[in-house]
1. Loop-only trypsin sites (Lys or Arg not before Pro) in the stretch 354-448, please: DSSP not H, G, I, E or B, and at most 15 other Cβ atoms within 10 Å.
2. Subtracting the Cα-Cα distance from 0.36 nm times the residue separation, let me have the gained length for Ser283 to Leu55 in nm, one decimal.
3. Under a point spin-label approximation (7 Å from Cα along Cα-to-Cβ), what is the Phe418-Gln256 distance to one decimal in nm?
4. For the cross-link pairs Lys239/Lys374; Lys310/Lys370; Lys326/Lys465; Lys310/Lys479; Lys226/Lys370, which exceed 32 Å when the distance is taken from alpha carbon to alpha carbon?
5. Count neighbours as other Cβ atoms within 10 Å of each site's Cβ, and list the trypsin sites (Lys or Arg not before Pro) in the stretch 203-267 that are DSSP loop with at most 13 such neighbours.
6. Please list, in order along the stretch 261-268, the HN-Hα scalar couplings obtained from phi with the Karplus expression 6.51 cos²θ - 1.76 cosθ + 1.60 (θ = phi - 60°), rounded to whole Hz, x for Gly and Pro.
7. Per residue, how much accessible area does the stretch 336-473 have with a 1.4 Å probe, in Å²?
8. Taking the Cβ of Phe471 as the centre, find all other residues whose Cβ is under 10 Å away and add up their charges (Lys, Arg: +1; Asp, Glu: -1).
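The values are calculated or read from the model by the stated rules, or taken from the named source; none is laboratory data. Since the structure is predicted, the reported quantities are computational estimates derived from the model, not experimental observations. In this analysis, Cβ positions are derived from the backbone assuming ideal geometry, glycine residues included, and neighbour counts consider all displayed protein chains. What goes into the accessible areas is simple: the full protein's heavy atoms, side chains included, and nothing from ligands, DNA or RNA. Shrake-Rupley method; radii C 1.70, N 1.55, O 1.52, S 1.80 Å.
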Amino acid sequence: MDLDFNGDLASLDAELLQLAEVSPLAIKAHPCVAVKLFDQWLSLPETNSLVKSLLNNAKGVGPLNVSGTTSGTNAAASNSLPSMFPAGSTPPLSPRSSSGSPRLTKQRAGPSVLGSPLKLVNEPVKENIPQFYFLNGRPPPNELKERCLFRINQFFYGHVDGLQMHEFKPVTKEICKLPSFFSTALFRKIDADCSGIVTRDAFVDYWVNGNMLTKDIATQIYTILKQPDVKCLTQDDFKPVLRELLTTHPGLEFLQSTPEFQERYAETVIYRIFYYVNRAGNSRLTLRELKRSNLIAAMQHADEEEDINKVLRYFSYEHFYVIYCKFWELDTDHDFLIDKENLIRYGNHALTYRIVDRIFSQVPRKFTSKVEGKMGYEDFVYFILSEEDKSSEHSLEYWFKCIDLDGNGIITRNEMQFFYEEQLHRMECMAQEPVLFEDILCQIVDMVSPEDDSYFTLRDLKGSKLSGSVFNILFNLNKFMAFETRDPFLIRQERENPTLTEWDRFAHREYIRLSMEEDAEDASNGSADVWDESLEAPF
C-alpha cells in the first residue's frame, strides 16, 4: 500500500512519532531527519498493516484496536511500532530522569503505550444527588420516628378519645420539648375544629407526619404561633402564650387577683420582645429575626425558673414594675398618654427640650398612639429601654436618628453642637463650670475614634464601648455629670457582674427605690389596705 504524506512538514510533531529509539529533542533539532525517518517508516510492511487497521477501526469495520495489532500479531509486535533501526544499533537516550520525560508521562496517562489520538471517551457518570430541600421540612429518620411514636403511644395510652386541653401539657413538655406555656397554643393549632379534643392520630399527623419533629425549636415555635398563610409574627400572636404563662407560672400567681395588671405585664413583655428581636422595627417579626435572638433561651429559662425575676431577659416582673411605675409617674392625668411636658420631667428633668422635641417629631420611631402630640405606653417602653441602656445597638440606632438632624446617615460637628448648646446653658444656670464644646468634641473623638474625624457614623458608634456616654453628653445632664465624676464603687460593681446590662442595673436600683417609697407611703397611711387609685400608683 502506497501512502503519500502531503501535510505541512513544519507541523510534524516529534512526540507523535512515538519512537522509543530516538529522543524527541534530537528530532526537533533536525526536522529534515524527522521527515526522512517518517518516509522510511511509512514504507515498512508492518506500517501498512497498522494504518489499514486504524482506518478500518475508524470506519467501524472492526473492533477498536488502539495498539494497531491484529489477531496474528505476536505480543512483541503489539507493544511497539516497527523499528527503523537494526538490532543493536539504537542510539543511547540523553541522561535525564524518567519521571521528567513528557513522553513517558503521556504514555502512562493514556490507555495504551502508543498514545493513539483515537482516545476512548468514557460516558459521564450520573451521580445521584440526594434531596436537600423539603417544602414542609425534612422527614424524620425511621429510628427517630419510631422512638417518637413509642413515646406518643405512652402518653395517649388509656385516652382512646384523645386528650383535653388540661391534659395536654405533658405532651408539649416531654414529647415536643417546648416550654410548657406553649401547651394551649399547640393544642389549638392541632384542634383546628375547636372540638376540645386532640386525638393520637391528629397529633401524629401534625407533629410527625407534618415533619415538625425534625425542625429546630425556633422554627417549631414560629410555626405554632404564626397565623396561616402569614410569613411573620405579630404582637397578637404572642398573647395566648403570655396568658398561659400568667396562669401557670408560680412566680406570677400573685397577679391572678388583678387581671388588669396581668394584661399590662403581658403587653410590656411583648413590647420588650419586639424592641430587641424585631430589628426591622416594622412590628412584623420574621423567622430569621427569631433565630438570631435570645428569645427562645429566655422562654426556656422562664419555664424552668420558679422566680420570674431571675429571668432578666423580657419576662422579669420587677422590670415590668419599673417601666409601668415610671410611666404612671409621668402620666399625671392617668389617661395612659403623656405629652412633651410630661416627658421633660423624666429622670428629674434630665433631658433637654431639644431632644424631647426630636422624640415627639417621631424621627426615631413612629408613635403607635392615635392622639397627635401624645406618646402611648408602647412608645414609652421603647423610649425608656433606649434611654437606660445606651450600650445596646437598638438604643444607639434610636438616638443616632435623633441627633442626625438632616437624616443623611452621619452626625456632624454642627449637629452635635446644636444639642450641646442647651446642655451648656443648663450648666451655667446651675452655677457649674461649663465645658466648652471644642473640648467636648475632642473628648468625643477620643472616645469613639471614628474613621473620619470630621463626622460620626452609626458604625463608628457601634464600634465603641463609650458611645452611650456620647449621647449623655449631648442631651442628658444628670448622666453627663455622673460620667464626669464616676464612682469607683460603681465601676467595680460593673466589672464584677459583666453579664448585667445597664438596663438590668437601672431596673434593680429603681425597683428598690420604688419599693421603699411604697412601704413608706403605706406606713404613713397607717395601713397597706388604704388605696386611692385616683392619686396613687397602681402598686
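1. Working: sites: Arg354, Arg358, Arg365, Lys366, Lys370, Lys374, Lys390, Lys401, Arg413, Arg426; in loops: Arg365, Lys366, Lys370, Lys374, Lys390.
For trypsin sites (Lys or Arg not before Pro) across the stretch 354-448 that sit outside H, G, I, E and B with at most 15 neighbouring Cβ atoms in 10 Å, the list reads Lys366, Lys370.
2. 74.3 nm
3. Here the answer is 5.5 nm between the modelled labels.
4. Numbers: Lys239/Lys374 25 Å; Lys310/Lys370 35 Å; Lys326/Lys465 27 Å; Lys310/Lys479 27 Å; Lys226/Lys370 26 Å.
Correct reply: Lys310/Lys370.
5. Working: sites: Lys215, Lys226, Lys231, Arg243, Arg264; in loops: Lys215, Lys226, Lys231.
Hits after loop and neighbour filter: Lys231.
6. Coupling constants for the stretch 261-268: 7, 4, 5, 5, 4, 4, 4, 5 Hz.
7. Working: 6380 Å² over 138 residues.
The answer is 46 Å² per residue.
8. Values: positive: Lys390, Lys479; negative: Glu387.
Net local charge, Phe471 excluded: +1.
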